1. In vacuum, with every alpha carbon of chain B counted as one equal point scatterer, what does the Debye formula give for log10 I(q)/I(0) at q = 0.14, 0.15 Å⁻¹? Two decimals, please.
2. On average, how much area does the Cα convex hull of region B:45-98 cover when viewed from any direction, in nm²?
3. So, how do all the Cα-to-Cα distances of region B:64-174 break down into 10 Å bins, in percent, from 0 on up?
4. Work out, step by step, the length gained on full extension between B:ASP16 and B:ARG193: first 0.36 nm times the residue separation, then minus their alpha carbon distance; give nm to one decimal.
5. Mind checking Rg over Rh on region A:152-206, alpha carbons, Kirkwood formula for Rh?
6. Using square roots of five times the C-alpha gyration tensor eigenvalues, list the equivalent-ellipsoid semi-axes of the protein assembly as shown in whole Å, biggest first.
7. Of B:VAL60, A:GLY165, B:VAL84, whose Cα points farthest to the positive end of the dipole of the protein assembly as shown (charges on the beta-carbon: +1 Lys, Arg; -1 Asp, Glu; origin at the Cα centre)?
8. So the label point sits 7 Å from Cα along the Cα-to-Cβ vector; using that for B:ALA137, what distances do you get to the other copies, in nanometres, sorted shortest first?
There are 2 protein chains.
Amino acid sequence: MSTEPQQLHRLTRKTDRGGDRALLDEVLDEAMVGMLSTVVDGWPWSVPLLFARIGDDVIVHGSTGAGMLRHVAAGAAVTLTAFVVDGLVVSDTLFDHSANYRAVVVRGVLQPVDDPATALTALSDRIVPGRSAETTAILPKELAATIALRLPVEDGKWIANARTGGPGVETDDWTGVIPMRTVYDSPITYTGRDADVPASVSQLAR
Amino acid sequence: MSTEPQQLHRLTRKTDRGGDRALLDEVLDEAMVGMLSTVVDGWPWSVPLLFARIGDDVIVHGSTGAGMLRHVAAGAAVTLTAFVVDGLVVSDTLFDHSANYRAVVVRGVLQPVDDPATALTALSDRIVPGRSAETTAILPKELAATIALRLPVEDGKWIANARTGGPGVETDDWTGVIPMRTVYDSPITYTGRDADVPASVSQLAR
């Protein structure tokens, strides 16, 4: 493997869409699911997974039985890519249609986390805030079945970019943006019909 | 580059979550944004982009000025990965929390499309259905500035998988699912305040 190509570390086009660390954190904190990509025997490989940012680390996890996770745990170079689509940009010509989005790429090598229980708890609370306080702690046998890894956010090893606003054309025709967002609907009960819905669930789904 | 590893072509864990071609098409038709991943000088590279399935092809496009797009247009192996998150699975133990999702990976080499104008029009209509009929056709100079590529969906070169349902535990505690979905809000007008909102926009955003 050669030296990492520098053009992977920066925007080479539409540099006006480049963002700062605040944008990186915003997207990492909002996207929830990211795409982890690596190279296996020269071939690209990519899977979606839940992740959470904790400070300067992106935390991912999975089963110790997952061969690909073992591959990236052993030091393969990875990218973690995530995005949020904020809207569709409708112009007067088909060519000028676009999408408003926020997107990030973090490059590096995954490292073991120092404290898997804390990392996995933080990951859970990222998905359903406050849920860890309502459940028993992760058991040692559960920890033993899990790989928890962190991707450090290092200077010069990430890109954040975004498109915002309208189509930017001058016309008397209608142009605009159709905003998009993700919503949570009312929870569906599977067990415990006589039990209260947990506060964390009510909070998220209201 | 060695022969493509066969484990990239099939699920090696949780094979009960494997899906058929109908699931593949469903996710490709719903996700709208996918992640295109490839290998550059031995390093992983991945970017989010709009895509559309047309029959047995996944269509992607971009500017002829985009270096990475030229890289994949020149025959590099790629993966196109896409997912939809359908809900959060809340269990009684932190460890058994999960997410309901549908995800796909299509592997292959991108090919030029035979008819870029048709492909780009189809891509636009995938994003805002019916919009192409309301605008003028793509101009020759616009076509010349655009690369349109197709990733063929070939037997044995894709994976679709999904998780559905509740946490699958027996307990008197409350467990359940918080459904998630993407919604479109009312359109924001940028130009043409005196013009009617196009039917395609009203239809999508209502």
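Just so you know, all these numbers are worked out from the coordinates, no wet-lab data involved. Worth saying up front: this structure is predicted, and the values here are computed from it rather than measured. Positions of Cβ are generated from backbone atoms using ideal geometry, with glycine treated the same way; all protein chains shown enter the neighbour counts.
1. -0.97, -1.06
2. Averaged projected area of region B:45-98's Cα convex hull equals 6.2 nm².
3. All Cα pairs considered, the percentages come to 12, 27, 27, 18, 12, 5, 0.
4. Between B:ASP16 and B:ARG193, full extension yields 58.5 nm more.
5. Rounded to two decimals, Rg over Rh is 1.27.
6. 35, 27, 20
7. B:VAL60
8. 6.9
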